[in-house]
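Structure record follows, encoded as structure tokens.
The values are calculated or read from the model by the stated rules, or taken from the named source; none is laboratory data. Here the structure is a predicted model, which is why all the values come from computation and not from measurement. Glycine gets a Cβ as well: all are built from the backbone with ideal geometry, and neighbour counts include every protein chain shown.
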Amino acid sequence: MINLLSPEEKIVLEQEEKLKLISVLLIIFCFGLLSFALIMLSIKFYISGELEAQQIVLNQGQLERNRLQSIAREIDSKNLYLSQIQSFYQENFARSDILDKISQALPQSTYLTNLNISSVFGAKPSKETNPEKYLLVSLVGFSPTRDIVLKIKNNLEKQEKLQEVYFPPSNWVKPNDVEFSVSFKVKLK
């Protein structure tokens, strides 16, 4: 085919082709840029949605942790309360047992004028164990003779659970109408 166009028209046609090519390339580039922007926007929305979902899960986890800590504190307080109740009942059982042993040790001709039972914590035997707990018992009473006080002393010392039975020297001064006092410890289990 023979080209009959003048060189100026050829240049104009080439420029128009180049302009069309540049405009097509520019349109393709703009569409590509727009597509890239839309893809990035959709990724942003997806990540922000996932982030919000994870934030909700995290908040639920914190709420659950707080609820579990609250339940644990409540359980600890109830356990402390129950251990105090158990200790109270053990002491009261031990106290009634002590009263029974005291009544067995006293002869019929004697009587008590004062009885004191109190809880005492002893020193720790080691770092791993709890301190020992004792009941400290003090008695004041009346006996017709010193021999009966000696009998009371022997009866109390025979009791297995009673420890450190102490009669002060003032108990042995008068031979008759003796006001005696005694103290001893009872170890609680």
Test for LYS101: is it part of a helix (DSSP H, G or I), in contact (Cβ under 8 Å) with a residue 24 or more places away in the chain, surrounded by 10 or more Cβ atoms within 10 Å (Cβ to Cβ) and basic (Lys, Arg): yes
For the stretch 58-98, which residues satisfy the criterion of being among the acidic types (Asp, Glu) and either over 30 Å from ILE152 (Cα atoms) or exposed (fewer than 10 other Cβ atoms within 10 Å of the Cβ) (or both)? GLU64, GLU74, ASP76
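Do any strands (runs of 3 or more DSSP E) entirely within the stretch 105-189 hold 1 or more residues that are at pLDDT below 85 and crowded, with 18+ Cβ neighbours inside 10 Å, and if so, which? I'd like the intermediate steps shown before the answer.
Details: elements: 111-121, 133-145, 162-166, 176-187.
In the stretch 105-189, the matching strands (runs of 3 or more DSSP E) lie at 133-145, 162-166, 176-187.
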Pairs, first closer than 13 Å to THR145 by Cβ in the stretch 166-189, second among the aromatic types (Phe, Trp, Tyr), C-beta under 8 Å, six or more apart: ASN171/PHE180; ASP177/PHE142; VAL178/PHE142; GLU179/PHE142; PHE180/PHE142; PHE180/PHE167
Output yes when any residue across the stretch 91-101 is at pLDDT below 95, among the β-branched types (Val, Ile, Thr) and more than 30 Å from VAL165 (Cβ to Cβ), and no when none is. no
ILE47: assigned to a helix (DSSP H, G or I), surrounded by 10 or more Cβ atoms within 10 Å (Cβ to Cβ), out of contact with any Pro (no Cβ under 8 Å at 6 or more places or on another chain) and at pLDDT below 90, yes or no? no
